[in-house]
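Heads up, the thing below is written out as structure tokens.
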Amino acid sequence: MDVIRIEGGHRVEGTVTVEGAKNSALKLMAATILAPGINTLTNVPNIADVHVMGKVLTRLGARIEVIDEHTLRIDTSTVDSWVTPYELVAQMRASTAVLGPLLARFGKATVAMPGGCNIGARKIDMHILGLQALGVEFDLDHGDINATAPQGLHGTTVALDFASVGATENLVMASVHANGLTVIENAAREPEIVDLANMLNEMGAKVRGAGSPIIEIEGVSELRPVTHRVVGDRIEAGTFVATAGLVGYPIEVLGFDPAHLGLVLRKYEQMGITIERKERGVLAWREKPIASVDIQTLPFPGFPTDMQAQTMCLLALGTKSCVVTENVFENRFMFASEIQRMGADIRIEGHHAIVHGVGGFSGAQVKSPDLRGGAALVMAGLVADGVTTVSDIYHIDRGYERFVEKLQSLGAHVQRVTLPSK
Ligand code: EPZ
């Protein structure tokens, strides 16, 4: 079993460049199904979830060539199946992102119903309702979703109850060949949605309004393969900016657009972190005590839920008390429970976490609850008194490429250690 072992109290500073966004790359890979031929994606993060999506596409018949660590050449002209089995969806629920493209290309798809995960039920009812409005019929058979469009897909207006990222993406991808105009109201506005729309338009689609709450898609007859660069990962970047805020020393974080972290950077400035915005990133450091501020997670441009754990790590060392409210997922406070083992003083009340700042963390054995909580626990280890070991780090490997090496390059005393299995 691999663990990450951190020795706290060392100077951590320097420059780090983040990879392409996990939460864009996975959907861009799925979208290559829409453009039969050789698509090339660059700036693709070399992470476990990308490998799983590669397996999904290969299972559908695509041919994937890894040109270099961050460039994939995906030939989808050979895609001849529309079935995505349970063992792949169970590994990664983002596999459901092939639903829209398969329906657009073949008029049918069989995708295993995703189970819940440890941050919530992760239902796809909004995906299904929206696709039904486009003319898709569903039946659930022994855990598999069988989707068909007997009369093809036709444009319509779909209003989402919640600005769901995944539902917005599946509806945009499903409607690129639909008959007529599709309008998505209350669409998610995340930068990863804009990245997907940009690539679809490069392929010849007609997607307007991505990044706003109203997205319009005019059906076209065919899309052609392209080369596209994945947008920089704002959440990986935010994790390193939070690290700078935690350790206090200057860390330059490059490879992303600071505008994609607007509210996070403004909140961090309110917390006493200095942020110098640059063309391709930011320089961040802290000279003052961490000021306690309240945080509410919301869909973009609100405060991203994927930055909640990393930010709570900072607030746990704040000068006063504050409230962190999680409005996106129903169970995303496991990090808060785990960090208590290191001395944090946090009380969970429903979807609020009341955080009382303490003077410091003490190193301990902790378990990564999910991708972002795991990264936040490693962060906490950097400033804890003594040694921290984080287990279940497969969560971290899903979304952070070379996380340990990047921290080592900043001077952190961090190692990945393989413990003898008991
Ligand atoms: C994407 O998940 C991201 N994952 C998540 O990142 C991110 O936290 C989330 O968007 C919100 O920004 C990927 O892009 C692969 P949602 P997604 O649909 O699409 C509920 C990470 O750490 N919901 O916006 O699943 C859902 O249960 C991961 O990188 C329904 O109820 O997010 C959740 O509570 C974690 N029915 C909320 O809406 C639906 O049909 C937001 O989900 C769809 C969603």
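Go through (1) under 24 Å from the mean Cα position of the chain (by Cα); (2) modelled with pLDDT of 95 or more; (3) in a loop (DSSP other than H, G, I, E, B) one by one and return the number of the condition THR78 breaks.
(1) is the only condition that THR78 fails.
So which of ASP257, ASP233 is charged (D, E, K, R) and surrounded by fewer than 24 Cβ atoms within 10 Å (Cβ to Cβ)?
ASP257
Picking from LEU131, LEU153, which residue would you name as being of a type in the set (A, V, I, L, M, F, W, C), under 25 Å from ASP80 (Cβ atoms) and within 15 Å of the ligand (Cβ to nearest atom)?
LEU131
Given the conditions (1) farther than 30 Å from LEU410 by Cα; (2) in contact (Cβ under 8 Å) with a residue 40 or more places away in the chain; (3) under 21 Å from the mean Cα position of the chain (by Cα); (4) assigned to a loop (DSSP other than H, G, I, E, B), which single one is not true for ALA187?
(2)
For THR157, state whether it is in contact with an Asp or Glu (Cβ under 9 Å, 6 or more places away or on another chain), surrounded by 15 or more Cβ atoms within 10 Å (Cβ to Cβ) and either at negative phi or in contact (Cβ under 8 Å) with a residue 12 or more places away in the chain (or both).
For THR157, the condition - in contact with an Asp or Glu (Cβ under 9 Å, 6 or more places away or on another chain), surrounded by 15 or more Cβ atoms within 10 Å (Cβ to Cβ) and either at negative phi or in contact (Cβ under 8 Å) with a residue 12 or more places away in the chain (or both) - is not met.
Collect the residues in the range 60-102 that are surrounded by fewer than 23 Cβ atoms within 10 Å (Cβ to Cβ), under 15 Å from LEU41 (Cβ atoms) and of a type in the set (Val, Ile, Thr), keeping them in residue-number order.
Of everything in the range 60-102, those that are surrounded by fewer than 23 Cβ atoms within 10 Å (Cβ to Cβ), under 15 Å from LEU41 (Cβ atoms) and of a type in the set (Val, Ile, Thr) turn out to be ILE64, VAL66, ILE67, THR71.
Restricting the range 103-128 to residues that are among the hydrophobic types (A, V, I, L, M, F, W, C), buried (at least 17 other Cβ atoms within 10 Å of the Cβ) and touching a residue at least 60 places away in the same chain (Cβ under 8 Å), which is nearest to the ligand (Cβ to nearest atom)?
Per the criteria, the residue is ILE119.
Residue-wise test of (1) within 16 Å of the ligand (Cβ to nearest atom); (2) in a strand (DSSP E or B).
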{"residue": "ARG332", "(1), (2)": "yes, no"}
{"residue": "PHE335", "(1), (2)": "yes, no"}
{"residue": "GLN340", "(1), (2)": "no, no"}
{"residue": "ARG347", "(1), (2)": "no, yes"}
{"residue": "VAL358", "(1), (2)": "no, no"}
{"residue": "PRO369", "(1), (2)": "yes, no"}
{"residue": "GLY373", "(1), (2)": "yes, no"}
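Can THR148 be described as in contact with a Lys or Arg (Cβ under 7 Å, 6 or more places away or on another chain) and away from the ligand (no atom under 14 Å from the Cβ)?
Yes.
Assess whether THR40 counts as being outside any helix (DSSP H, G or I), polar (S, T, N, Q) and surrounded by 15 or more Cβ atoms within 10 Å (Cβ to Cβ).
yes
Tell me, which strands (runs of 3 or more DSSP E) lie completely within the range 228-316 with 1 or more residues that are over 28 Å from MET29 (Cα atoms), in contact (Cβ under 8 Å) with a residue 24 or more places away in the chain and in contact with a Leu (Cβ under 6 Å, 6 or more places away or on another chain)?
Of the strands (runs of 3 or more DSSP E) lying wholly inside the range 228-316, those with at least 1 residues that are over 28 Å from MET29 (Cα atoms), in contact (Cβ under 8 Å) with a residue 24 or more places away in the chain and in contact with a Leu (Cβ under 6 Å, 6 or more places away or on another chain) span 251-254, 273-278.
How many of the residues in the range 39-51 are within 16 Å of the ligand (Cβ to nearest atom) and touching a helix residue (DSSP H, G or I) at 6+ places or on another chain (Cβ under 8 Å)?
Qualifying residue count, the range 39-51: 7.
Of all residues in the range 208-226, how many are surrounded by 19 or more Cβ atoms within 10 Å (Cβ to Cβ), over 24 Å from the mean Cα position of the chain (by Cα) and more than 16 Å from ASN179 (Cα to Cα)?
1
Within the range 157-184, take every residue that is in a loop (DSSP other than H, G, I, E, B) and either in contact with a Ser or Thr (Cβ under 6 Å, 6 or more places away or on another chain) or among the hydrophobic types (A, V, I, L, M, F, W, C) (or both) and give me the one that is nearest to the ligand (Cβ to nearest atom).
Going through the qualifying residues, I end up with PHE162.
Just to be sure I understand the filter: pairs with C-beta atoms under 7 Å, separated by 6 or more residues or on different chains, first member in the range 343-369 and farther than 27 Å from LEU298 by Cα, second member in a strand (DSSP E or B) and polar (S, T, N, Q). Which pairs pass?
So the pair list comes out as GLY343/SER362; GLY363/THR388; ALA364/THR388; GLN365/THR389; VAL366/THR388.
Give me a count of the residues in the range 317-330 that are in a loop (DSSP other than H, G, I, E, B) and more than 16 Å from the ligand (Cβ to nearest atom).
4
Being buried (at least 22 other Cβ atoms within 10 Å of the Cβ) and not hydroxyl-bearing (Ser, Thr, Tyr) narrows it down to one residue among ASN179, ASN170, ASN186, ASN198; which is it?
Answer to the check: ASN170.
I'm checking my understanding of the structure. Among residues of the range 3-38 that are basic (Lys, Arg) and within 16 Å of the ligand (Cβ to nearest atom), which one is farthest from GLU252 (Cα to Cα)?
Looking at the filtered set, the residue picked out is LYS27.
Is at least one residue of the range 269-288 within 16 Å of the ligand (Cβ to nearest atom) and crowded, with 21+ Cβ neighbours inside 10 Å?
No: zero hits.
Looking for whichever is modelled with pLDDT of 95 or more and closer than 20 Å to ALA259 by Cα here; the options are ALA178, ALA188, ALA159, ALA174. Which one fits?
Of ALA178, ALA188, ALA159, ALA174, the one residue that is modelled with pLDDT of 95 or more and closer than 20 Å to ALA259 by Cα is ALA188.
The values are calculated or read from the model by the stated rules, or taken from the named source; none is laboratory data. The shown structure was predicted, so the numbers you read here are calculated from the model rather than taken from an experiment. Neighbour counts are summed over all protein chains in view; Cβ atoms, including those assigned to glycine, are modelled from backbone coordinates with ideal geometry.
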